[in-house]
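The values are calculated or read from the model by the stated rules, or taken from the named source; none is laboratory data. The structure presented is a predicted model; accordingly, all values stated were derived computationally and were not measured. Neighbour counts are summed over all protein chains in view; Cβ atoms, including those assigned to glycine, are modelled from backbone coordinates with ideal geometry. We work out accessible area using only protein heavy atoms, side chains counted, and drop any ligands, DNA or RNA first. Shrake-Rupley method; radii C 1.70, N 1.55, O 1.52, S 1.80 Å.
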Amino acid sequence: MTDDWKTYKPLLLPDLPGLTDIETYEKYEGYHALKTVLDNPDTWSPEEVVLQVKDANIRGRGGAGFNAGLKWSFMPPPDGKPRYLACNGDESEPGTFKDRKIFEFNPHLFIEGAIIAAYAIRAEQIYVYIRGEYRAWVRILQKAVDQAYQKGYLGKNILGADFNADMTLHMGAGAYICGEESSLMESLEGKRGYPRVKPPFPAQRGLWGRPTTINNIETLANVPLVIRNGSEWYRRIGAETHPGPILYGISGHINKPGVYEYPSGMSVHTLIHEVAGGIRKGKKLKALIPGGSSTPPLRADVLDGLTMDSDSLRKAGSMMGTAGMVILDEDTDMVDVVWRISHFYHHESCGQCTPCREGTGWLEKTLRKIRNGDGEMRDLDLLLAICNRMEGRTICALADAAAWPVRYSIERFRDEFEAKCKQTVYALS
Amino acid sequence: MPEIFIDYQRFEFEQPGKVLQFMLDAGLDLPFFCYHPCLSIPANCRQCVVKAGMPVLNREKGTFELDDKGERIIRYFPKLMTACSLDLTDGMVIHTHHSDPLVKQAQADNLEFILINHPLDCPICDQAGECPLQILTYKYGPEGSRFEHKKVHKPKAFRLGPRVVLDAERCINCTRCVRFTDEISKSHQLTIVSRGDKNYPLTAHGQEFDDPYSLNTVDICPVGALTSADFRFKARVWEMNQTPGIDITNGKGCNTYLWTRDNLVLRITPRQNDHVNSHWMPDSGRLAYQRFNENRVHRPHIKLDGNDQVRTSWNNAILTLREQLEKTEASEILAIGSPHAPVEDNYAFRKFFKMHGVSEFFFVPDIRPGSGDGFLLSDDQTPNTNGVRLLDFKETTCKNLSSKIQGDKYKLIVLLDDSLFDRPDWPAIDPGNSYFTVWATNHTPTTAAAHLVIPVTCAAEHAASYVNVDGRIQRTVAAKETRYTNRRLNLEMSMGRLDHYGTQFDNWVDEKNRIDCIPAWEFFKKLDAEARFDWNSSREVLNEISRTLPVFEGVSYERMDTLLGVPLSISRNTPVDQKKTIEPKP
Ligand SMILES: Cc1cc2nc3c(=O)[nH]c(=O)nc-3n(C[C@H](O)[C@H](O)[C@H](O)COP(=O)(O)O)c2cc1C
Ligand code: SF4
Ligand code: SF4
Ligand code: FES
């Protein structure tokens, strides 16, 4: 289905200059989807929008891959009190830098999608939570939001319809954990970014205790495409169980790092060798981290025939995540990579739950010991034991995200870890 | 009735609730740190994990699916669940460490995690002996440690505020202290700062943790991270006796524990009473321990010629006062009761002088509008205003009373334990020309002006009752020995660990700190030359009160002990039955 990728025309980031300006965006069917919905409330009731989006099967692009329309359908019926849509642009996972491209090149597509989502879930307030370091792109987005207000796409009685929506941008203050949806809500409420215990889920009790839906920026940018062209059309793009365009963020030891838009289900080899220009300096591939730093690394020898969609990646022993692919070449020291990832999670754990707060630090310190040449063989078993004690025992998924790369790297690259341990003065222990 | 199965045992539950609280109520054990029944549930310590499952319901038949053996098929949650946040659900099946090795392992794992960065300085930590972390580690924790790296270092002995000291390295980040300031005291002064294993609680920059309830965080901190600036390094908990008491620094009458060693009260902590103070008490009440120990009136004091008071014998004090009574007309005696003194003492005081023909009894309430906070600090600065009211003392003001004293009418002033001269609205005058006798626990400007000072027991030394601002009568238990009481012999005293296991060589039997004083009722019994009072204990005084005064009907120490105080059916304006007040017994 992706054989014709060379002729694929980008939908999220089309090759059209000046799309950040609302006039240009409107020229290319911009805000048509919103108009269609609001002008035909009989065919496009909120329920119908939810149904269509659910049918299109837009899998959440924030990492968990949950069907967006299905998530919207969890919102309870309106009761006249406030409801919220929170858009997750915190984008802090190492290897992930795709939402930024939407802010930079096609902010109106996201805004339009968010307004339609707000209509579908009957929310009148939209918050956009953006990674604080994205200053330059926040400015672009803010300008786009202002234009949308001027043109009447945001505000009261949008396009004359009985529908109001406000969009407020909120910049994060540098904590990765604030990208976790419940922590994001705490942060928006002005509190410390501690993830909440679930249940209750955000649709039951979200922002200020009111029903809330949280979606990733890229997820929402897909919504106008579905409205414009129908869910059937959308489902025909890319992989069957994980359809739609994907922004592949490719980085690491690669000749042409960057964000590339192609259908889902692209062959990993095609992405690495053809799209992104192959491994740097003609080296061989050693490992791939397919979807951001928390997804388990894959050995190069399992990548044949592998495609970028959740089914294929799960079978290979990893996950789609955010499709932020990190390419590691043959010279890579896996111990060093895993230590660096552990360092990140140690630094970013919110520290609320015991296993994560203490486990992330213990993992990092033990990995640093091995990396520095002081490792002992028993440290490897200790690392796995720590992972066992962290996974599934915490409030949010950060602990899992911290444990997986360690567990799977040791499982898949054990020879390297052992070699490192054997070099030490403790080799015999 | 809905049912739940915990470790294969069936329980029924009526109210919705959480599994952990249900287990605690049922007397089952489960380790936990962050949960507190009065605070929100963050489920962050992850210590209370259990395996939980639900029977599989056949929706068509409306019955539970059964296996070959006819047992319900249970579908377990894929992850271990925190019992503190898990709702009781009909049919739920719970496995704790008693019936599931994985749960047992998970509890030990979690403790291992908590301990890796913990300083493990129990030998020098104030919390040792009453530390949930220490206790639970012994009970559920792993043996030894596999952590071989440098621990995280954080601020130590850091003054969070005037009364609370933080050792951030000991903190296990349970957020109880933060939640307390957010949800109970509402000062919002604390938050957790930094991230991950560097976390610790702190105030906003430049702000002090001077919440009037700040010391409650020390009580609920499950480790020695928060300690009382005052009590730090003073005593090990196992060396102290713990005696139930009442906060006498204001009208709320928070229930307390008095902690004693060497016959000194070393600290005061709240005692749970959901009718009065829940688990909390104000910081001000905790500082009262000083007045129990220091500046006490020891032996009767008498002013001979000139201004200097000297100590005198009990015998001489009694004879002197009898002499004064003989030469004074009843109408020339000004009798002033005290909202600081307990019901029993005011009663005995009134009864004694009534028998001498005194007909009017006064007292000055110390109510300072605006000083209360609607929570545990009342406008009333005294513990027993309602008690004195119920005994038919007339309310008066400092101004009125001082002009009475100034006048020529009264030749003898008798003042039960109340330092009137310290009151902000007491006019700066001396007690006039009358003979001035006071009963007092501590030396004050008032005792300094007196001709005769009779030392009486304080709330830490007697069993006695106080009626709080809400009309609840509650009682104290003697925590400290006087010259005339003995922990082992006096059955009205509490029994502590040392009473059971100590030897007479233990240093808590410290003669030095035994004050030469007696309860006021006992003094009046001795004072009465005709020996008309037959009380042998304050319990008997109270029994007489409840027999003779309708508002106190049915009140007894036993009932106060089992019900944690007895609400009296009074309102502020109910006139007390005048006829049935204290008449001398025929
Ligand atoms: C530790 C952690 C960090 C996360 N960071 C982000 C993030 O930066 N951006 C994001 O969109 N989702 C992030 N997520 C996922 C969100 O919790 C949430 O699933 C997502 O925003 C939902 O949107 P979607 O369904 O459209 O993907 C994070 C999750 C975890 C556990
Ligand atoms: S798992 Fe880690 S990041 Fe998530 S809530 Fe717990 S401590 Fe915080
Ligand atoms: S200081 Fe004590 S109460 Fe506060 S978070 Fe730390 S351990 Fe918990
Ligand atoms: S008591 Fe802390 S998680 Fe349940």
note = Among A:I126, A:I102, A:I111, A:I116, the single one that is more than 16 Å from ligand 4 (Cβ to nearest atom), in contact with a Phe, Trp or Tyr (Cβ under 6 Å, 6 or more places away or on another chain), open to solvent by less than 30 Å² (accessible area, probe 1.4 Å) and not in a loop (DSSP other than H, G, I, E, B) is A:I102
Scan of segment A:174-225 for residues that are open to solvent by 30 Å² or more (accessible area, probe 1.4 Å), closer than 19 Å to A:W72 by Cβ and hydrophobic (A, V, I, L, M, F, W, C), ordered by number = A:F201
inquiry  = Restricting to segment A:349-384, and then to whatever is of a type in the set (S, T, N, Q) and closer than 16 Å to A:S409 by Cα, can you tell me which residue is farthest from ligand 1 (Cβ to nearest atom)?
reply    = A:T366
remark   = Residues of segment B:28-42 being away from ligand 3 (no atom under 12 Å from the Cβ) and under 20 Å from the mean Cα position of the chain (by Cα), in sequence order, are B:P37, B:C38
message = Quick check on segment A:373-429: of everything there that is part of a helix (DSSP H, G or I) and touching a strand residue (DSSP E or B) at 6+ places or on another chain (Cβ under 8 Å), which residue is farthest from ligand 4 (Cβ to nearest atom)?
response = A:R412
inquiry  = I need the full set of residues from segment A:301-342 which are touching a residue at least 60 places away in the same chain (Cβ under 8 Å) and within 14 Å of another protein chain (Cβ to nearest Cβ), in order please.
reply    = A:S342
task = Report yes if some residue within segment A:162-173 is within 22 Å of B:Q189 (Cα to Cα) and either surrounded by fewer than 18 Cβ atoms within 10 Å (Cβ to Cβ) or more than 16 Å from ligand 4 (Cβ to nearest atom) (or both); otherwise report no.
result = yes
query = Within segment A:372-383, how many residues are open to solvent by 10 Å² or more (accessible area, probe 1.4 Å) and either within 8 Å of chain B (Cβ to nearest Cβ) or at pLDDT 95 or above (or both)?
reply = 2
inquiry  = So, in segment B:36-88, exactly how many residues are part of a strand (DSSP E or B) and either under 29 Å from A:P355 (Cβ atoms) or within 16 Å of ligand 1 (Cβ to nearest atom) (or both)?
reply    = 12
message = Please go through (1) part of a loop (DSSP other than H, G, I, E, B); (2) away from chain A (no Cβ under 14 Å); (3) within 16 Å of ligand 3 (Cβ to nearest atom); (4) out of contact with any Phe, Trp or Tyr (no Cβ under 8 Å at 6 or more places or on another chain) for B:Q134 and return the number of the only condition it doesn't satisfy.
response = (1)
key: Extreme residue, farthest from B:N263 (Cα to Cα), among residues of segment B:422-470 that are hydroxyl-bearing (S, T, Y) and part of a strand (DSSP E or B)   = B:Y435
ask   = Taking the condition outside the structural domain of B:F524 (by TED's automatic domain parsing), open to solvent by less than 50 Å² (accessible area, probe 1.4 Å) and not in a loop (DSSP other than H, G, I, E, B), does B:G387 pass?
value = no
task = With the condition kept exactly as written, say whether any residue in segment A:343-359 is touching a residue at least 60 places away in the same chain (Cβ under 8 Å) and more than 9 Å from chain B (Cβ to nearest Cβ).
result = yes
inquiry  = Please determine whether any residue of segment A:180-203 is in the same structural domain as A:A136 (by TED's automatic domain parsing), away from ligand 2 (no atom under 16 Å from the Cβ), hydrophobic (A, V, I, L, M, F, W, C) and assigned to a loop (DSSP other than H, G, I, E, B).
reply    = yes
remark   = Considering residues that are of a type in the set (A, V, I, L, M, F, W, C) and surrounded by fewer than 24 Cβ atoms within 10 Å (Cβ to Cβ), the number found within segment A:340-355 is 1
note = So the helices (runs of 4 or more DSSP H) completely within segment A:4-94 holding 2 or more residues that are within 16 Å of ligand 3 (Cβ to nearest atom) and more than 14 Å from every other protein chain (Cβ to nearest Cβ) are none
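Every residue, every condition in (1) modelled with pLDDT under 95; (2) under 30 Å from B:K186 (Cα atoms); (3) within 13 Å of ligand 4 (Cβ to nearest atom), yes or no:
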{"site": "B:L20", "(1), (2), (3)": "no, yes, yes"}
{"site": "B:Y35", "(1), (2), (3)": "no, yes, yes"}
{"site": "B:T63", "(1), (2), (3)": "yes, no, no"}
{"site": "B:L86", "(1), (2), (3)": "no, yes, yes"}
{"site": "B:T96", "(1), (2), (3)": "no, no, yes"}
ask   = Which residue out of B:H340, B:H275 is open to solvent by 10 Å² or more (accessible area, probe 1.4 Å), touching a residue at least 24 places away in the same chain (Cβ under 8 Å), touching a Lys or Arg at 6+ places or on another chain (Cβ under 9 Å) and outside any helix (DSSP H, G or I)?
value = B:H275
task = Could you look through segment B:170-185, keep only residues that are assigned to a helix (DSSP H, G or I) and open to solvent by 20 Å² or more (accessible area, probe 1.4 Å), and pick out the one that is nearest to the other protein chains (Cβ to nearest Cβ)?
result = B:D182
ask   = Within segment B:105-125, how many residues are open to solvent by less than 10 Å² (accessible area, probe 1.4 Å) and small (G, A, S)?
value = 1
remark   = If we ask which residues in segment A:193-222 are within 12 Å of another protein chain (Cβ to nearest Cβ) and touching a Cys at 6+ places or on another chain (Cβ under 8 Å), their number turns out to be 3
note = The lone condition B:R195 fails out of (1) open to solvent by 50 Å² or more (accessible area, probe 1.4 Å); (2) in contact (Cβ under 8 Å) with a residue 12 or more places away in the chain; (3) in contact with a helix residue (DSSP H, G or I) (Cβ under 8 Å, 6 or more places away or on another chain) is (2)
inquiry  = Between B:H188, B:H205, which is within 16 Å of ligand 3 (Cβ to nearest atom), open to solvent by 30 Å² or more (accessible area, probe 1.4 Å) and closer than 30 Å to B:A43 by Cβ?
reply    = B:H188
task = Just name the residue that is surrounded by the most Cβ atoms within 10 Å (Cβ to Cβ) out of those in segment B:208-220 that are in contact with a Leu (Cβ under 7 Å, 6 or more places away or on another chain) and part of a loop (DSSP other than H, G, I, E, B).
result = B:F209
query = Filtering segment B:20-32 down to residues that are within 14 Å of chain A (Cβ to nearest Cβ) and closer than 22 Å to A:P200 by Cα, which residue is most open to solvent (accessible area, probe 1.4 Å)?
reply = B:F32
query = Taking into account only those residues within segment B:221-234 that are of a type outside the set (S, T, N, Q) and open to solvent by 10 Å² or more (accessible area, probe 1.4 Å), which is nearest to ligand 2 (Cβ to nearest atom)?
reply = B:C221
ask   = B:P201: in contact (Cβ under 8 Å) with a residue 24 or more places away in the chain, closer than 17 Å to B:C34 by Cα and in a strand (DSSP E or B), yes or no?
value = yes
